[in-house]
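The structure appears below as C-alpha coordinates.
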Amino acid sequence: MDAVFYLQSAVVEKGVTVKAYGESRLEVIVGCIGTNVIAFFIIVACAGAIWKFGPRDIETAQEAAQGLKPFGQYTFLLFAAGLFNASLFAACVQPLSHGLFVCEGLGFESGVNKRFREAPIFYWLYTLLIVVGAGSS
(Lines give C-alpha, C1' and ligand atoms only; values in the text may rest on other atoms or scores of the structure.)
Protein backbone atom coordinates (compact mmCIF):
# COMPACT_ATOMS: atom_id res chain seq x y z
CA MET A 1 0.00 0.00 0.00
CA ASP A 2 2.92 2.30 0.68
CA ALA A 3 3.94 2.09 -2.95
CA VAL A 4 0.50 3.35 -3.99
CA PHE A 5 0.82 6.45 -1.80
CA TYR A 6 4.37 7.02 -2.98
CA LEU A 7 3.40 6.59 -6.62
CA GLN A 8 0.51 9.05 -6.32
CA SER A 9 2.77 11.60 -4.68
CA ALA A 10 5.52 11.06 -7.25
CA VAL A 11 3.12 11.66 -10.15
CA VAL A 12 1.94 14.89 -8.57
CA GLU A 13 5.47 15.93 -7.67
CA LYS A 14 6.78 15.30 -11.20
CA GLY A 15 4.04 17.54 -12.54
CA VAL A 16 2.70 14.99 -15.01
CA THR A 17 0.50 16.84 -17.48
CA VAL A 18 -2.70 15.53 -19.04
CA LYS A 19 -0.74 14.96 -22.26
CA ALA A 20 1.88 12.80 -20.48
CA TYR A 21 -0.66 11.03 -18.25
CA GLY A 22 -1.05 8.10 -20.69
CA GLU A 23 2.68 7.36 -20.65
CA SER A 24 2.78 7.61 -16.87
CA ARG A 25 -0.22 5.30 -16.57
CA LEU A 26 1.38 2.73 -18.89
CA GLU A 27 4.56 2.86 -16.83
CA VAL A 28 2.58 2.13 -13.66
CA ILE A 29 0.62 -0.72 -15.26
CA VAL A 30 3.72 -2.42 -16.65
CA GLY A 31 5.52 -2.00 -13.32
CA CYS A 32 2.61 -3.45 -11.34
CA ILE A 33 2.22 -6.43 -13.64
CA GLY A 34 5.96 -7.08 -13.61
CA THR A 35 6.29 -6.99 -9.83
CA ASN A 36 3.22 -9.18 -9.33
CA VAL A 37 4.42 -11.77 -11.84
CA ILE A 38 7.82 -11.90 -10.15
CA ALA A 39 6.20 -12.19 -6.69
CA PHE A 40 3.95 -15.00 -7.95
CA PHE A 41 6.88 -17.04 -9.23
CA ILE A 42 8.85 -16.46 -6.04
CA ILE A 43 5.95 -17.83 -4.01
CA VAL A 44 5.43 -20.80 -6.31
CA ALA A 45 9.13 -21.66 -6.41
CA CYS A 46 9.54 -21.44 -2.65
CA ALA A 47 6.37 -23.41 -1.97
CA GLY A 48 7.35 -26.11 -4.46
CA ALA A 49 10.83 -26.51 -3.10
CA ILE A 50 9.77 -26.53 0.52
CA TRP A 51 6.79 -28.85 -0.05
CA LYS A 52 9.05 -31.41 -1.73
CA PHE A 53 10.66 -32.13 1.62
CA GLY A 54 7.40 -32.02 3.55
CA PRO A 55 5.64 -29.07 5.12
CA ARG A 56 7.31 -27.63 8.18
CA ASP A 57 7.58 -24.37 9.99
CA ILE A 58 10.23 -22.01 8.67
CA GLU A 59 11.62 -19.72 11.31
CA THR A 60 14.62 -18.10 9.61
CA ALA A 61 15.57 -16.84 6.19
CA GLN A 62 18.38 -19.39 6.20
CA GLU A 63 15.88 -22.25 6.47
CA ALA A 64 13.87 -20.82 3.57
CA ALA A 65 17.01 -20.51 1.45
CA GLN A 66 17.97 -24.10 2.22
CA GLY A 67 14.53 -25.20 1.06
CA LEU A 68 15.38 -23.84 -2.38
CA LYS A 69 18.44 -26.10 -2.86
CA PRO A 70 16.56 -28.49 -5.19
CA PHE A 71 16.38 -25.67 -7.75
CA GLY A 72 20.16 -25.38 -7.91
CA GLN A 73 23.33 -24.93 -5.96
CA TYR A 74 23.25 -21.12 -6.04
CA THR A 75 19.53 -20.42 -5.54
CA PHE A 76 20.36 -19.10 -2.10
CA LEU A 77 22.12 -16.18 -3.83
CA LEU A 78 18.94 -15.27 -5.70
CA PHE A 79 17.00 -15.57 -2.46
CA ALA A 80 19.54 -13.32 -0.72
CA ALA A 81 19.34 -10.77 -3.54
CA GLY A 82 15.55 -10.77 -3.26
CA LEU A 83 15.69 -10.19 0.49
CA PHE A 84 18.25 -7.43 0.01
CA ASN A 85 16.02 -5.75 -2.60
CA ALA A 86 12.99 -5.98 -0.30
CA SER A 87 15.04 -4.48 2.53
CA LEU A 88 16.16 -1.56 0.38
CA PHE A 89 12.57 -0.96 -0.71
CA ALA A 90 11.37 -0.99 2.87
CA ALA A 91 14.20 1.25 4.07
CA CYS A 92 13.76 3.86 1.33
CA VAL A 93 10.20 3.92 0.06
CA GLN A 94 8.23 3.26 3.23
CA PRO A 95 9.59 6.20 5.25
CA LEU A 96 9.23 8.43 2.19
CA SER A 97 5.65 7.38 1.45
CA HIS A 98 4.65 7.68 5.10
CA GLY A 99 6.18 11.13 5.33
CA LEU A 100 4.40 12.19 2.15
CA PHE A 101 0.93 10.96 3.04
CA VAL A 102 1.07 12.11 6.68
CA CYS A 103 2.12 15.61 5.64
CA GLU A 104 -0.38 15.74 2.78
CA GLY A 105 -3.14 14.52 5.09
CA LEU A 106 -2.33 17.13 7.72
CA GLY A 107 -1.85 19.93 5.22
CA PHE A 108 1.90 20.41 5.58
CA GLU A 109 4.19 21.04 2.63
CA SER A 110 5.89 17.88 1.48
CA GLY A 111 7.95 16.46 -1.33
CA VAL A 112 11.53 15.72 -2.22
CA ASN A 113 11.41 18.54 -4.76
CA LYS A 114 11.08 21.03 -1.88
CA ARG A 115 13.95 22.49 0.08
CA PHE A 116 14.23 21.82 3.81
CA ARG A 117 13.03 25.29 4.75
CA GLU A 118 9.98 24.87 2.49
CA ALA A 119 8.92 21.53 4.02
CA PRO A 120 10.68 21.13 7.39
CA ILE A 121 8.03 18.90 8.95
CA PHE A 122 8.20 16.49 6.01
CA TYR A 123 12.00 16.24 6.15
CA TRP A 124 12.07 15.85 9.94
CA LEU A 125 9.40 13.16 9.77
CA TYR A 126 11.21 11.39 6.91
CA THR A 127 14.50 11.49 8.87
CA LEU A 128 12.81 10.28 12.06
CA LEU A 129 11.22 7.35 10.25
CA ILE A 130 14.58 6.32 8.75
CA VAL A 131 16.31 6.55 12.13
CA VAL A 132 13.58 4.60 13.91
CA GLY A 133 13.59 1.97 11.16
CA ALA A 134 17.37 1.62 11.29
CA GLY A 135 17.34 1.49 15.08
CA SER A 136 14.73 -1.24 15.23
CA SER A 137 16.71 -3.62 13.02
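Within segment 83-137, the chymotrypsin sites (Phe, Trp or Tyr not before Pro) that combine a DSSP coil assignment with at most 10 other C-beta atoms in a 10 angstrom radius are Phe116.
Express the relative contact order of the chain as a whole percentage, based on alpha carbon pairs under 8 Å and six or more residues apart in sequence. Relative CO of the chain lands at 27 percent.
For the pair Ala81 and Ile130, a Förster radius of 25 Å applied to the C-beta separation gives a FRET efficiency near 0.65, rounded to the nearest 0.05. Per atom type, the chain shows carbon and sulfur on 68% of its accessible surface, probed at 1.4 Å. The alpha carbon radius of gyration of the chain, expressed as a multiple of 2.2 N^0.38 Å, is 1.35. Entry comment: accessible area of the chain is 74 Å² per residue, from protein heavy atoms only and a probe of 1.4 Å.
Applying the criteria of a DSSP loop state and at most 13 other Cβ atoms within 10 Å to the trypsin sites (Lys or Arg not before Pro) of segment 56-137 yields Arg56, Arg115, Arg117.
So the label point goes 7 Å from the Cα of Ala90 along Cα→C-beta, right? Which residues of segment 59-82 then have their backbone N under 12 Å from it? Residues 61 qualify, since their backbone N sits under 12 Å from the label point.
The values are calculated or read from the model by the stated rules, or taken from the named source; none is laboratory data. Every value quoted in this text rests on a predicted model; they were computed, and no experiment measured them. Counting neighbours? That spans all protein chains shown, and the Cβs are built from the backbone with ideal geometry, glycine included. Side chains included, ligands, DNA and RNA excluded: accessible areas come from the protein's heavy atoms. Shrake-Rupley method; radii C 1.70, N 1.55, O 1.52, S 1.80 Å.
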